[in-house]
1. Among the listed residues 2, 19, 37, 82, identify the single one that is within 30 Å of residue 146 (Cα to Cα) and over 17 Å from the mean Cα position of the chain (by Cα).
2. Somewhere in segment 203-211, is a residue buried (at least 20 other Cβ atoms within 10 Å of the Cβ) and either among the small types (Gly, Ala, Ser) or in contact with a helix residue (DSSP H, G or I) (Cβ under 7 Å, 6 or more places away or on another chain) (or both)?
3. Between a residue in segment 36-60 that is without any contact (Cβ under 8 Å) to a residue 12 or more places away in the chain and any residue that is among the hydroxyl-bearing types (Ser, Thr, Tyr), which pairs come within a Cβ distance under 6 Å, given they are 6 or more apart or on different chains?
4. Tally the residues that are surrounded by fewer than 18 Cβ atoms within 10 Å (Cβ to Cβ) and modelled with pLDDT under 80, restricting the search to segment 13-29.
5. Residues of segment 4-57 being β-branched (Val, Ile, Thr) and part of a helix (DSSP H, G or I), which ones?
6. Can we say residue 177 is part of a strand (DSSP E or B), surrounded by fewer than 19 Cβ atoms within 10 Å (Cβ to Cβ) and of a type in the set (A, V, I, L, M)?
7. Does segment 162-174 hold any residues that are crowded, with 20+ Cβ neighbours inside 10 Å and either in contact with a Lys or Arg (Cβ under 7 Å, 6 or more places away or on another chain) or closer than 17 Å to residue 120 by Cα (or both), and which are they?
Amino acid sequence: MSDLKKKFDAAAADSKNLSEAPGNDVKLKMYGLFKQSGAGDVTGSRPGFTDIVGRAKYDAWAAVKGTSTEDAMQQYIALVESLKLGRTTKTNDPVKFVKGATVPIDDRERERRRALVRAHYAAENDHDLERIMATFSEDAVMLYNRQSFPSGEAIRLAHGYMGMSAAPGALGGLRAVVDQEHFTDTETVIEGRVCGRHNSEFLGFPPTERDVELPFVAFYRFDAKGKLTSERVVMNLGPLHG
C-alpha cells in the first residue's frame, strides 16, 4: 500500500471522529473527493428532483470530474486536516436546529421577524429564486415533510421544483398565503396555504390539472443578521389526490 493511500485511509477514518461536524457544503465536497478517489469520474444518471439529497451528492461528485485519483486523495486529506484544525464552517444540525438567534420576543423583535418572513414570501410569490436564496444563510437547512435539503443548491432546486422560479414547476401560478402567524423566543410559526394549478408531477402525485390549496405550517429561524438558518414545512398533500 502506498504512503498516499495510507494517509487517505487515515483521513477517511479521522473524518468520522471530528470534534465538530463540518457544514453541509463541506460534507458534499468531502463526498465528491472520496468518490473520485475510489471510483474515478462520476457514473450513472443524475437523480431527479424528488431525490434532492441524491442529486446533491451526484453534483458534488460530478464537480471533481477529471481529477486524478492522486490529486483527489491529496485534496481529501488536506480537507480533513483543515477540519481537524477547525478551519472550516461548522454545521447546523438539521434535526436539533440549534442555530439561530434566541431573542426574547418583544414588539420590536416581532416586527423584525415579521418583515423578514414577509420578504421571504414576497420573493417566493414573485418566483424570484435569487431573492429567495438571498433570504437564507450560507449554511441554512430546510426540511419539507421530514425530507432534508441540506445545502443551498438543494434548497434552490426544491423551490424551483415546486414552482417558485421563472421556469415551470409542479404548481403553475404558485402563491403562498399567510393565514396566521405566531412567535416564540426562537421561531416564527406560519399557518398558511400554497395555491396553484397542479400542472406537473409532484412528489409522486401525477398532475391533476386542477387548482389546489395545500395547507401548511412552517417554522422559521433567523440569525442575528436576519438570514434564515432553518425552514421547516409540514404540508398537507391530500388535495393532490385525483
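1. 19
2. Checking segment 203-211: not a single residue is buried (at least 20 other Cβ atoms within 10 Å of the Cβ) and either among the small types (Gly, Ala, Ser) or in contact with a helix residue (DSSP H, G or I) (Cβ under 7 Å, 6 or more places away or on another chain) (or both).
3. From segment 36-60, the pairs are 47/58.
4. Adding up the residues that qualify gives 3.
5. Residues satisfying the conditions are 26, 52, 53.
6. yes
7. 162, 163, 164, 171, 174
Here's the yes/no breakdown for (1) among the β-branched types (Val, Ile, Thr); (2) in contact with a Cys (Cβ under 9 Å, 6 or more places away or on another chain); (3) within 15 Å of residue 228 (Cβ to Cβ); (4) at pLDDT 90 or above:
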{"residue": "99", "(1), (2), (3), (4)": "no, no, yes, no"}
{"residue": "128", "(1), (2), (3), (4)": "no, no, no, yes"}
{"residue": "136", "(1), (2), (3), (4)": "no, no, yes, yes"}
{"residue": "140", "(1), (2), (3), (4)": "no, no, yes, yes"}
{"residue": "150", "(1), (2), (3), (4)": "no, no, yes, no"}
{"residue": "158", "(1), (2), (3), (4)": "no, no, yes, yes"}
{"residue": "164", "(1), (2), (3), (4)": "no, no, yes, yes"}
{"residue": "167", "(1), (2), (3), (4)": "no, no, no, yes"}
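The values are calculated or read from the model by the stated rules, or taken from the named source; none is laboratory data. Since we're looking at a predicted model, the values are computed, not measured. Heads up, the Cβs are rebuilt from the backbone with ideal geometry, glycines too, and the neighbour counts pull from every protein chain shown.
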